[in-house]
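Structure incoming, see below.
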Amino acid sequence: MTIVENLRFLGHRIVNAVWRIGYASRFFMLILFYSGTSFRRFHLTVKELFSSGVMSLIIILVAGTFVGMVLGLQGYETLKRYGSESALGSLVALSLVRELGPVLAALLFASRAGSAMTAEIGLMKATEQISAMEMMAINPIARVVAPRFWAGVISMPLLSALFSAMGVFGGYVVGVVLIGVDQGSFWSQMQAGVDFQHDIVNGMIKSFVFGVAVTAIALFEGYDAPPTAEGVSGATTRTVVESSLTILFLDFILTAFMFQGE
Amino acid sequence: MKRTTLDLWVGIFVVAGLAALAVLALKVGNLSTYNVSETYQLQAHFSNIGGLKPQASIKSSGVLVGRVAQISLDPERYEAKVTMTIDKRYQFPKDTFANILTSGLLGEQYIGLIPGGDEAFLKAGDEIKKTQSAVVLEDLISRFLYSKAEDSKQVDKQPN
């Protein structure tokens, strides 16, 4: 008897998951379909750019600097053994531009801005503001969801570029100013090692993809949240967990495509 | 529509992000060293290119004059065909010698051009006839070991 119940439970979970995936895909298509409005009334998007992009600036800049400093310290310790401290610049810059910049900026963005988006839209739904908009013949996806989506997609590559730049600065401070690696070789090795198209453009493509994924997940979780206090808090947690895992998974896929055959 | 302080902050954010991208491109990346000047293409056949890759540098007297554009196998000669993009400011004589060299013991491989004395210059699409293949470290070591073995054989024979 219990076996049948377990089977039923498992089947219910799987069917539910597939159902949710389908609903999420339809939601994503609706965002793209109604995004025309968010460009025509651009001040809506600008307002969201402020709350998701500008408000994430501090955490991104500080985190980037410290990550770069740690890279400088650890990289120096390892490279010193092989007498190749001069490669510190290219080590710091390559790891930031290719991986750490896009990935860490996206993880921070997911927990800083993604969770806020979910909570906001979830509460809007719980307090029936979304239904009120529908009553007034205002499309909530065009008015509320699409501007937030495009704000996230626009700010993610910018934040990741800022993260990488601050990281390189942090690596410079530790490597050149504090430890005393030669300044000339630090920058010249960096420029020799980092290719604009291969590394920087690919890193930007990564962060663009992460931006789409994080904001789409955050908005969907908020829109799909049960209209209760518990439902909103659960949705916020799911946003952070799901988008973090999605970022790391997508990073693996994108890296495999971009940097294969080297 | 009124201008608000919010617009200013968003403006600062976008400008800072684009500036960071520019810093990455110019200071960190190699966009500043990309030659935007005009180029022409040359070809060369090598019997072995070793670890040469597309985008590898082409140097003459240590100065960067171009990059490797494309590497393919010539199906008729069974040799590697390397297409090189050279900066138009630099002209090379017809009897220029192309060498595949290694920077440092285990560093990257690049093509070194040694100009000859011919008065006619290579034109776009021409082929560099005189080439020398990459030095493969394993070949060197095996040749060295082989010659050592030969030496010791001779030493063995001498007392007789």
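The values are calculated or read from the model by the stated rules, or taken from the named source; none is laboratory data. Quantities reported herein were computed from a predicted structural model and do not represent experimental measurements. Note: ideal-geometry Cβ built from the backbone for every residue, glycine included; neighbour counts use all protein chains shown. We work out accessible area using only protein heavy atoms, side chains counted, and drop any ligands, DNA or RNA first. Shrake-Rupley method; radii C 1.70, N 1.55, O 1.52, S 1.80 Å.
On the given criteria, is residue A:117 modelled with pLDDT under 95 and crowded, with 21+ Cβ neighbours inside 10 Å?
yes
So is residue B:29 open to solvent by less than 40 Å² (accessible area, probe 1.4 Å), modelled with pLDDT of 85 or more and at negative phi or not?
So residue B:29 fails the test.
Here is a further query. When the residues of the range A:36-64 are narrowed to those that are open to solvent by 10 Å² or more (accessible area, probe 1.4 Å), over 17 Å from residue A:117 (Cβ atoms) and small (Gly, Ala, Ser), which ends up farthest from the other protein chains (Cβ to nearest Cβ)?
A:36
What is the residue count in the range B:94-144 for residues that are modelled with pLDDT under 85, part of a loop (DSSP other than H, G, I, E, B) and polar (S, T, N, Q)?
Count: 2.
In addition: Please identify the pairs in which a residue from the range A:242-262 that is under 18 Å from residue A:222 (Cβ atoms) has its Cβ atom under 6 Å from the Cβ atom of a residue that is β-branched (Val, Ile, Thr), counting only partners at least 6 apart or on another chain.
If the second residue must be β-branched (Val, Ile, Thr), the pairs left are A:242/A:217; A:243/A:214; A:243/A:217.
For the range B:1-93, which strands (runs of 3 or more DSSP E) that fit wholly inside it have 1 or more residues that are away from chain A (no Cβ under 14 Å) and basic (Lys, Arg)?
B:79-87
Please go through the range A:174-227 and pick out each residue that is open to solvent by 10 Å² or more (accessible area, probe 1.4 Å), within 12 Å of chain B (Cβ to nearest Cβ) and at pLDDT below 90.
Correct list: A:187, A:188, A:189, A:191, A:192, A:193, A:195, A:196, A:197, A:198.
Right, something else. In the range B:65-100, how many residues are free of Cβ contacts under 8 Å to residues at least 40 places away in the same chain and open to solvent by 60 Å² or more (accessible area, probe 1.4 Å)?
Number satisfying all stated conditions: 12.
While we're looking at this one, here's another question. Among the residues of the range A:117-135, count how many are hydroxyl-bearing (Ser, Thr, Tyr) and part of a helix (DSSP H, G or I).
2
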